[in-house]
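Undergrad: I'd like to ask you about the structure that follows.
The values are calculated or read from the model by the stated rules, or taken from the named source; none is laboratory data. Everything numeric here is computed off the predicted structure, so don't read it as measured data. So basically every Cβ, Gly included, is an ideal-geometry build from the backbone, and we count neighbours across all protein chains shown. What goes into the accessible areas is simple: the full protein's heavy atoms, side chains included, and nothing from ligands, DNA or RNA. Shrake-Rupley method; radii C 1.70, N 1.55, O 1.52, S 1.80 Å.
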Amino acid sequence: MKTKFILLFLFIFGWNMNAQVDIQKRFQSDTRKYYIWNKEFEKYELKETEYENTIIDIREIGSKTNGYIVISMYDNGQVRLHHGSIFEFTQTSEEEGTWLIRSKFMRAKLIYNPKENTITYLYDAEGKRYSKLMIFSVTPDEIPNASLKTVAKTDD
């Protein structure tokens, strides 16, 4: 009996060692700054500061170099969706991280800075430089359904 218990314990422990770890981070933003690369002056110029809602989901599947990123932006009455698969992750400082993402039609970079609570999204790559970038002021959702509110039934 003791041997069976130990074998069962080892089997469950071994199974959990190979289990896939999925991590999903969700960020909410109410403001973003939109920049475009100016070739003449060779710098990014602020085009617009937008006060509209954005949801950014980072889903890491198994490791930080596998998964996908979805950015859903409410923009002038329309919803725009940017998404892509993570193909590289770099730890740029103790807390800051950079994800490189790509999809069938685009290549982009996402940088999270928790000290300043910002996410920088660079996209529309032309050669070696990204031509557009957005800086989001974000707050992370601590609870998976933090934005959902409970509705109490008042009918008796």
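Undergrad: Restricting to strands (runs of 3 or more DSSP E) lying wholly in region 34-75: which have 1 or more residues that are open to solvent by 40 Å² or more (accessible area, probe 1.4 Å) and of a type in the set (Asp, Glu)?
TA: Working: elements: 43-50, 54-61, 67-75.
Here the list reads 43-50.
Undergrad: If a residue must be on the phi > 0 side of the Ramachandran plot and either touching a Cys at 6+ places or on another chain (Cβ under 9 Å) or assigned to a strand (DSSP E or B) (or both), how many such residues does region 104-144 contain?
TA: To start, the set of residues in region 104-144 that are on the phi > 0 side of the Ramachandran plot comprises 117, 124, 127.
Add one more test, that the residue is either touching a Cys at 6+ places or on another chain (Cβ under 9 Å) or assigned to a strand (DSSP E or B) (or both), and what stays is 124.
So the count comes out to 1.
Undergrad: I'd like to verify a number: residues in region 24-82 that are closer than 20 Å to Gly97 by Cβ and of a type in the set (A, V, I, L, M), how many?
TA: Result for region 24-82: 7.
Undergrad: I've got another one for you. Name the residues in region 11-33 that are open to solvent by 100 Å² or more (accessible area, probe 1.4 Å) and either assigned to a helix (DSSP H, G or I) or at pLDDT 90 or above (or both), would you?
TA: Initial filter on region 11-33 (open to solvent by 100 Å² or more (accessible area, probe 1.4 Å)): 11, 13, 15-18, 20, 30.
Phe11, Phe13, Trp15, Asn16, Met17, Asp30 - these are the residues of region 11-33 that are open to solvent by 100 Å² or more (accessible area, probe 1.4 Å) and either assigned to a helix (DSSP H, G or I) or at pLDDT 90 or above (or both).
Undergrad: Among the residues in region 110-117, are any under 13 Å from the mean Cα position of the chain (by Cα), among the polar types (S, T, N, Q) and closer than 15 Å to Glu60 by Cα?
TA: No, region 110-117 contains no residue that is under 13 Å from the mean Cα position of the chain (by Cα), among the polar types (S, T, N, Q) and closer than 15 Å to Glu60 by Cα.
Undergrad: Look at region 77-91 and say how many of its residues are more than 10 Å from Thr65 (Cβ to Cβ), in contact with a Phe, Trp or Tyr (Cβ under 8 Å, 6 or more places away or on another chain) and aliphatic (A, V, I, L, M).
TA: Total satisfying the criteria: 0.
Undergrad: May I pose another question? Just to be sure, is Arg102 farther than 14 Å from Leu133 by Cα, among the charged types (D, E, K, R) and surrounded by 14 or more Cβ atoms within 10 Å (Cβ to Cβ)? Break it down stepwise before answering.
TA: Numbers: farther than 14 Å from Leu133 by Cα: yes; among the charged types (D, E, K, R): yes; surrounded by 14 or more Cβ atoms within 10 Å (Cβ to Cβ): yes.
Answer is yes for this residue.
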